[in-house]
1. Have a look at A:Asp294, A:Asp231 and point out the one that is open to solvent by 20 Å² or more (accessible area, probe 1.4 Å), of a type in the set (D, E, K, R) and at pLDDT 90 or above.
2. For a quick check of your reading of the model, give me the residue pairs whose first member lies in the range B:167-187 and is outside any loop (DSSP other than H, G, I, E, B), whose second is β-branched (Val, Ile, Thr), with beta-carbon atoms closer than 9 Å and at least 6 apart or on different chains.
3. Tell me yes or no: at least one residue of the range B:52-67 is open to solvent by 50 Å² or more (accessible area, probe 1.4 Å) and either under 25 Å from the mean Cα position of the chain (by Cα) or within 14 Å of chain A (Cβ to nearest Cβ) (or both).
4. Of the residues that make up the range B:90-111, is at least one more than 14 Å from chain A (Cβ to nearest Cβ), under 17 Å from the mean Cα position of the chain (by Cα), open to solvent by less than 60 Å² (accessible area, probe 1.4 Å) and in contact (Cβ under 8 Å) with a residue 40 or more places away in the chain?
5. Can you name the number of the only condition in (1) within 14 Å of chain B (Cβ to nearest Cβ); (2) out of contact with any Lys or Arg (no Cβ under 6 Å at 6 or more places or on another chain) that A:Ser277 fails?
6. For the range B:20-40, give me each residue that is at pLDDT 80 or above, open to solvent by 20 Å² or more (accessible area, probe 1.4 Å) and within 13 Å of chain A (Cβ to nearest Cβ).
7. Just wondering, is there one or more residues in the range B:41-50 that are within 14 Å of another protein chain (Cβ to nearest Cβ) and open to solvent by less than 80 Å² (accessible area, probe 1.4 Å)?
Amino acid sequence: MSQSTAQPPSVAAHSGKHELPEAARQKISNVKAIPAMPAILMPLLDLLQKPAEQVPIDEVVRLVSCDKTIAAQCIRIAGSPLFGLSRAPETIRSAVISMGITRIKDVVLTFSLGQILPAEKFVIDPGVFWRHSLGCALVCKKFCEISGALSPERAYLAGLLHDLGIIVNCMVFPKEFAAAIEQAMRECIPLDEAERATMGFSHCETGRVLAEAWRLPDDMREVIACHHDLDMSAQSAPLVAVVHLCDLLCRIRDLGYGYYESRRIDFMHNAAWSILSATDSKIRTMDLERFTFDMDEAAAEVAILVDSVFAGKRA
Amino acid sequence: MDAKGQPTDPAFPQIRNVIYQVSGIYQADSKLHLLADACGKRMSALKCASPREYLEVLTTKVNRESELRALLNEVTIGETFLFRSMPQITALRTIILPELMKDPIKQLTKRLRIWSAGCSTGEEPHTLAICCLEEREKLLKGWNIEIIATDLNDRSVETASAGIYGDYAMRFVSDLYKAKYFKPTPDGKRYEAREEVKQLIQFKRLNLREDAKLVFMKGMDLIYCCNVLIYFDSSSKSRVIQHYYNNLNSGGYLFLGISESLYQLNDQFRLVHFPGAFGYWKAPPGAAKT
């Protein structure tokens, strides 16, 4: 998709302290093959915004059937040890039923987003990247199920898409981005800090360009652009805050970018926590220790799921 | 059992929740089979016909407190080894020590005090001593390091002081550290900590229920208390935690076992996360938000 289809930047996009330099913006728009949004993505997301019990299975089967590669992946993964079936399902319908609506969503979204960029173009291990994205999606969802402040499905989507800018960086600025990752690993610092130090901008700014090109909804654009800069967020500040916290939690509990970030995080004194506490009394009494224990459990499952999706891609 | 080998009886997650509420120890879904094993032993002893019946013993019967303690003994049974919680150890060396070293008062006193409370047979204080020795030529150069290791049980203190460990306890100790900080025992079957390791540690018998003695454990920078609080009822536990808080220097940390938490026990400590671990921070007055 070319830059010409981009919408005007969202409210938050130009109100903050971090701007994408014009030269970088130009470079992105000159790249002919800015990744197109997978065709199945938006209809599937619309469908899956509903609670699992209200999603019509026939409609999911029809959508999955539209993409032969994804359909084959669903059948293969439903037959993997992850789901404990005695034999592999033979139809898309039986694969969807055996995995369940919640799991099929994880598999299809991970796989369809994984198709955006070929593995060889990733500067970082694609498995690690999607493990973080899917992990963040699941943690955001769980967080909102407990707090009740925001739609868990909306938070899931925001978690899944928050780091889209990394795809742009891999594609348009591979050398500079590789240097940023190297610095982040060497100094054990957050990736966005290393990006700003080496490239002058981060995946938040480049992600915003892709989000505009894909015409993603305003709240998703705001999450993508502001999840490392809470004070830039506006209308969707609570959603940005949820993604900010869950992204941090993932990075500190084995669902990060595969390197050690040497830092102490005091979640309950984090600005994002204050934003959420102001509107949601349940946050104030949340058992964060127990949430962390549960998250570790989820991290192991996410790793298996993403690894099985990417094992299929490599095969 | 389900496809992942976990028990399907809905009483087990409920028993897990009872244990968590009382002790702060959490058994994740993937560890429920261990809980089921522990419950199985207690159910046989009590002749309970089902997990549901055993849950009733734990929640409604007059002997519920003693039974819960018996169950906790089964849950936390046994294993202890050196370098048990690597995320805590890595956080100590890469985040906490560099931060403590920057404190202007600590730079003047150049004194680091660590308390291993409920040290059992000494695996934890020996691990801490090795970490400190590794930093002695770098971060801790010129520093006076004191590790105080206490336990209620005389025999544990005696075993801990000897610093002799077999293959099981040593299984996560690298060959480099084995050669550097241990020597083989005369029979060649075990490893004994070298003098330089032992010299950093003072072993003492201490009952954590004796308030009068706990008052004297002042000036700690770090307190480790792993799988000990489970043996206390709620009010004694709060009291011990309060002592820990009072005994820590401002800016110091309390670490519990890897599946333990202080949830609802104390609101003075600040819960802080490190990569793969969390601890409880006695934040200095006016500490910055992060």
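The values are calculated or read from the model by the stated rules, or taken from the named source; none is laboratory data. Note that this is a predicted model, so its numbers are computed, not measured. Reconstructed Cβ throughout: ideal geometry from the backbone, glycine too, with neighbour counts over all protein chains shown. The accessibility values were calculated without ligands, DNA or RNA, using every heavy atom of the protein model including side chains. Shrake-Rupley method; radii C 1.70, N 1.55, O 1.52, S 1.80 Å.
1. Numbers: A:Asp294 fails: at pLDDT 90 or above.
None of the other options fit; the residue is A:Asp231.
2. Correct list of pairs: B:Tyr177/B:Ile130; B:Lys180/B:Ile130; B:Tyr181/B:Ile130; B:Tyr181/B:Val173; B:Tyr181/B:Val197; B:Phe182/B:Val173; B:Phe182/B:Val197.
3. Within the range B:52-67 (the criterion being open to solvent by 50 Å² or more (accessible area, probe 1.4 Å) and either under 25 Å from the mean Cα position of the chain (by Cα) or within 14 Å of chain A (Cβ to nearest Cβ) (or both)), the answer is yes, since at least one residue qualifies.
4. Taking every residue of the range B:90-111 in turn, none turns out to be more than 14 Å from chain A (Cβ to nearest Cβ), under 17 Å from the mean Cα position of the chain (by Cα), open to solvent by less than 60 Å² (accessible area, probe 1.4 Å) and in contact (Cβ under 8 Å) with a residue 40 or more places away in the chain.
5. It is condition (2) that A:Ser277 fails.
6. Residue satisfying the conditions is B:Asp29 alone.
7. No: zero hits.
Okay, residues lined up against (1) at pLDDT 80 or above; (2) surrounded by fewer than 16 Cβ atoms within 10 Å (Cβ to Cβ); (3) within 14 Å of chain B (Cβ to nearest Cβ):
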| site | (1), (2), (3) |
| --- | --- |
| A:Ala33 | no, yes, no |
| A:Leu45 | no, no, no |
| A:Arg62 | yes, yes, no |
| A:Asp67 | no, no, no |
| A:Leu82 | no, no, yes |
| A:Arg87 | no, yes, yes |
| A:Ala95 | yes, no, no |
